[in-house]
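Below you'll find the structure, written out as structure tokens, and then a few comments.
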Amino acid sequence: MQRFEVIQPFLDLNKNSRYLEIGVEGGTTFHLIKAEKKVAVDPIFRFNVPKNRITNSIEYHEITSDQYFGSISIDEKFDVIFVDGLHTNEQTTRDVLNAVEHLSANGVILIDDVIPSSYAASLEMQSDTAFYRELMELEKFDGDNWMGPVFRVVYFIAAFMQSFDYATIRENHGQTVMWRSIRSQPDCTDLTLEQIARMPFIDMLHRMEVLKVRPYPDILSHIANLAKMPK
């Protein structure tokens, strides 16, 4: 499934839906999305941005996500927040924690690229990924793809964000959806914060069950049912 195919049905569950995308780059996903209000955030847009960058229905903010979250009111809420910024553990964790503060009651946060396609794709630095592929013939099939250690953020959510539940989409390259739903207890509490922050790719493979990989229709149906429940 392409990114916009995943995102749009979640937006369609809400009237007057509001959408925030962190890490827009070329704008492929952002410009296919339909919502009452759309906000794009990226330090460098790789497309022609309209002269009028802020209107009632669409906003373009060519700044870092930290700067954006530091500039908006706590009352600014979104129904879907797509986190696809810098693929480091630190930045993605900051983006998720900031996004939580601006998520509507029935909203979801989608985190991109949580299942690296190879060892090389999982490395901390994009330059190391390129270097490794030059040396290792078997990794060259993976092209220029770099996902970084974003998967660690899912383990952080599992162990330290008990007021959210989550699942990872089976039908694509690995996107985790998280939503407000108190779990009876946190998952993988045997892992310390430091262990999660340093978790290598091989450990993720050994503990794939923590990612809660599920069929997309099941995840969407679950969120839709939650939205119908009385508050």
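The values are calculated or read from the model by the stated rules, or taken from the named source; none is laboratory data. No experiment lies behind these values; they were computed from the predicted model shown. Neighbour counts run over all protein chains shown; Cβ positions are idealised from the backbone, glycine included. Side chains included, ligands, DNA and RNA excluded: accessible areas come from the protein's heavy atoms. Shrake-Rupley method; radii C 1.70, N 1.55, O 1.52, S 1.80 Å.
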Among (1) under 25 Å from Ala227 (Cα atoms); (2) modelled with pLDDT of 95 or more; (3) crowded, with 17+ Cβ neighbours inside 10 Å, Ser73 falls short only on (3)
In segment 165-180, residues that are open to solvent by 10 Å² or more (accessible area, probe 1.4 Å), under 13 Å from the mean Cα position of the chain (by Cα) and modelled with pLDDT of 95 or more total 1
Counting only residues in segment 85-112 that are buried (at least 22 other Cβ atoms within 10 Å of the Cβ) and of a type in the set (D, E, K, R), the one nearest to Phe10 (Cα to Cα) is identified as Asp112
Selection from segment 99-134 of residues touching a residue at least 40 places away in the same chain (Cβ under 8 Å) and β-branched (Val, Ile, Thr) yields Val100, Val108, Ile109, Ile111, Val114, Ile115
_Whether any residue in segment 219-231 is of a type outside the set (Phe, Trp, Tyr), touching a residue at least 12 places away in the same chain (Cβ under 8 Å) and over 19 Å from Asp12 (Cα atoms) is what I want to check._
yes
Of those in segment 19-62 that are open to solvent by less than 20 Å² (accessible area, probe 1.4 Å) and among the aliphatic types (A, V, I, L, M), the residue nearest to Leu103 (Cα to Cα) is Leu20
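So, of the residues in segment 5-49 that are of a type in the set (Phe, Trp, Tyr) and not in a strand (DSSP E or B), which turns out to be nearest to Asn106 (Cα to Cα)?
To start, the set of residues in segment 5-49 that are of a type in the set (Phe, Trp, Tyr) comprises 10, 19, 30, 45, 47.
This time we only want the ones that are not in a strand (DSSP E or B), so: 10, 30, 45, 47.
Values: Phe10: 10, Phe30: 21, Phe45: 29, Phe47: 32 Å.
Step by step, filter segment 5-49, then rank; the result is Phe10.
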- Item | Thr64 being under 30 Å from Asp218 (Cα atoms) and polar (S, T, N, Q) | no
For segment 70-86, pairs from a residue that is in contact (Cβ under 8 Å) with a residue 40 or more places away in the chain and part of a loop (DSSP other than H, G, I, E, B) to a residue that is open to solvent by less than 50 Å² (accessible area, probe 1.4 Å) and of a type in the set (D, E, K, R), with Cβ under 8 Å and 6 or more apart or across chains, are Asp84/Glu21; Asp84/Asp112; Asp84/Asp113; Gly85/Asp42; Gly85/Asp95
Restricted to segment 189-223 and to residues being of a type in the set (A, V, I, L, M, F, W, C), open to solvent by 20 Å² or more (accessible area, probe 1.4 Å) and closer than 27 Å to Gly107 by Cα, the residue farthest from the chain's Cα centre (by Cα) is Leu193
